[in-house]
Amino acid sequence: MASDRRSRILEQVIEAERVDVNDLAEEFGVSQVTIRKDLDHLAQLGLIQRQHGYAVAIAPDNLLSRLAVHYDVKRRIAEAAAALVPSGSTVMIESGSCCALLAEELARAARGVTIITNSAFIADYVRGAPGASVVLLGGDYQAESQVTVGPLLEQCLQNFHVEALFIGVDGYTVESGFTGRNHLRAAAVQAMTRRAASVTVLTESAKFDRQGAVALLPLSAVARVVTDAHLDRSTADHLTGAGVTLTTVPVD
């Protein structure tokens, strides 16, 4: 099906950042004309950029394109996380594709949950949901990731304390802990962590094979990880051995 092929093409473009049309046609067993139509469709949706003979990923922090990658798995992760949130509670949610889907789950269920976030994308993403109740934190605005960061954000956070903070990550290693891409966003996550009783990481299992550029949080700062069932056994044992509660969702 065209929709399935386009989803797989999008995954490849985002992961490789630049993909040749000829290579895509050969891999998927279709004509270059068909691939160009697929790429035009993805470009019209604002998910990729076109260059002569190539498909190019847009900004790596663009959540619209990242949401489309492994969407079904991310939706299951978000549903599992939403089940952990009591009705009527107030939670913090940082930016990330799984986090955006969590916010949507909570807002759509109309359970009286208030979401505190530094993500303008998330605030906009859930605005039409019946139970959307969002506090958007101020700060210096990063246009690419659509989040607020910096000293003003940390000042705003002094007004809040919540039971649960949900975050996304860009990588994890035993040596470095959880890692991210941007030092200002990492500082924002660390400031949010200080205003929460517990931290839950929402991420696909593939992130456990990656090293981000910036230290985000040590494993000791995280209470729970919600991921998919492709997480390898040694990593799962390492997490649970450190006292982290691990929740996995099916992949198929």
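Using the charge dipole of the chain (Lys, Arg: +1 at Cβ; Asp, Glu: -1 at Cβ; taken about the Cα centre), state which of SER145, THR193, ALA206 has its Cα farthest towards the positive end.
Going by the charge dipole, the pick is THR193.
Out of residues 5 or more away from GLY112 or on other chains, whose amide H comes under 5 Å of its own, with H placed 1.01 Å from N in the peptide plane?
GLY88
So which residue, out of GLU27, GLU163, GLU104, gets the largest mean-square fluctuation from a GNM of the chain using Cα contacts under 10 Å as springs?
Ranking GLU27, GLU163, GLU104 by mean-square fluctuation puts GLU27 first.
What Kirkwood hydrodynamic radius do you get for the stretch 134-252 when you take the inverse of the mean 1/r over all pairs of distinct Cα atoms, in Å?
Details: mean 1/r = 0.0670 Å⁻¹.
Kirkwood hydrodynamic radius for the stretch 134-252: 14.9 Å.
With an 8 Å Cα cut-off and a minimum separation of 6 or more residues, compute the relative contact order for the stretch 204-252 in percent.
Numbers: 47 pairs, mean separation 20.5, N = 49.
With pairs under 8 Å counted, the relative contact order is 42 percent.
When the chain is fully extended, how far beyond the present Cα-Cα distance does SER198 get from LEU246, taking 0.36 nm per residue of separation?
On the way: separation 48, 0.36 × 48 = 17.28 nm, distance 1.39 nm.
Gain on extension, SER198 to LEU246, equals 15.9 nm.
Kirkwood hydrodynamic radius for the chain: how many Å is it when counted over pairs of different Cα atoms? If you can, show how the numbers build up before the last one.
Values: mean 1/r = 0.0530 Å⁻¹.
Evaluated over the chain, this radius sits at 18.9 Å.
Relative to the longest principal axis of the chain, what angle (0 to 90°, nearest 10) does the C-alpha long axis of helix 71-82 take?
Around 10 degrees separate the two axes.
Enter the angle in degrees (range 0 to 90, nearest 10) between the Cα long axis of helix 183-193 and the first principal axis of the Cα atoms of the chain, meaning the one along which they spread out most.
Rounded to the nearest ten degrees, it is 40.
Could you please put LYS207, LYS37 in sequence from largest to smallest accessible area, using a 1.4 Å probe?
On the way: LYS207 25, LYS37 130 Å².
Result, largest first: LYS37, LYS207.
Using a 1.4 angstrom probe on heavy atoms only, work out the carbon and sulfur share of the accessible area of the chain in %. Mind dumping the intermediate values first?
Values: 5580 of 11490 Å².
Of the solvent-accessible surface of the chain, carbon and sulfur hold 49 percent.
Quick one: net charge around ALA107, please, counting Lys, Arg +1 and Asp, Glu -1 for every other residue with C-beta under 13 Å from its C-beta. Each step should come with its number before you reach the end.
Numbers: positive: ARG108, ARG111, ARG127; negative: GLU104, GLU105, ASP124.
The answer is 0.
Among THR34, THR179, THR227, whose mean-square fluctuation peaks in a Gaussian network model of the chain (Cα, cutoff 10 Å)?
It is THR34.
Between VAL225, VAL73, VAL33, where does the largest GNM mean-square fluctuation fall for the chain, given springs only between Cα atoms within less than 10 Å?
Greatest mean-square fluctuation among the candidates belongs to VAL33.
What number comes out for the charge environment of GLY243, summing +1 per Lys or Arg and -1 per Asp or Glu over other residues with Cβ under 13 Å away? Walk me through the numbers on the way to the answer.
Values: positive: ARG224; negative: ASP237.
That sum, taken over residues with Cβ under 13 Å, equals 0.
Over the stretch 1-156, what is the relative contact order in whole percent, taking alpha-carbon pairs under 8 Å and six or more residues apart?
Numbers: 245 pairs, mean separation 24.6, N = 156.
Relative contact order here is 16 percent.
Relative to the longest principal axis of the C-alpha atoms of the chain, give the angle of the C-alpha long axis of helix 2-16, reported between 0 and 90° and rounded to the nearest 10°.
70
Which of the listed residues, PRO218, GLN32, HIS161, is farthest toward the dipole's positive end in the chain, when Lys, Arg count +1 and Asp, Glu count -1 at the beta-carbon?
Result: HIS161.
May I ask for the net charge around VAL19, where only other residues with Cβ less than 14 Å from the Cβ of VAL19 are counted and Lys, Arg are +1 while Asp, Glu are -1?
Numbers: positive: ARG5, ARG6, ARG8, ARG18, ARG36, ARG50; negative: GLU11, GLU15, GLU17, ASP20, ASP23, GLU26, GLU27, ASP38.
My count for the surroundings of VAL19 gives -2.
What does the charge dipole of the chain about its Cα centre add up to, to the nearest 20 debye, if the Cβ of each Lys and Arg holds +1 and the Cβ of each Asp and Glu holds -1? Numbers along the way, then the final one.
Numbers: 22 positive and 29 negative charges, 118 e Å.
Taking the Cα centre of the chain as origin, the dipole is about 560 debye.
Given the rule -39500 (n - 2.57) for each run of at least 4 DSSP H residues, summed and divided by the residues of the chain, what is its mean residue ellipticity at 222 nm, to the nearest 500 deg cm²/dmol? Could the numbers behind the result be given before it?
Numbers: 10 runs with 100 residues, N = 252.
Taken over the chain, the calculation gives -11500 deg cm²/dmol.
Can you give the accessible area per residue of the stretch 113-238, in Å², using a 1.4 Å probe?
On the way: 5540 Å² over 126 residues.
Here the residues of the stretch 113-238 average 44 Å² of exposed surface.
Kindly write out, for the stretch 20-36 in residue order, the coupling ³J(HN,Hα) from the Karplus curve 6.51 cos²θ - 1.76 cosθ + 1.60 (θ = phi - 60°), rounded to whole Hz, with x marking Gly and Pro.
7, 4, 4, 5, 5, 4, 5, 5, 8, x, 10, 6, 4, 4, 5, 4, 4
The values are calculated or read from the model by the stated rules, or taken from the named source; none is laboratory data. What you see is a predicted model, and the numbers here were worked out from it, not measured in a lab. As a convention, Cβ positions derive from the backbone with ideal geometry for all residues, glycine included, and neighbour counts pool all protein chains shown. Each accessible area value is taken on the protein alone, full model and side chains, heavy atoms only, with ligands, DNA and RNA left out. Shrake-Rupley method; radii C 1.70, N 1.55, O 1.52, S 1.80 Å.
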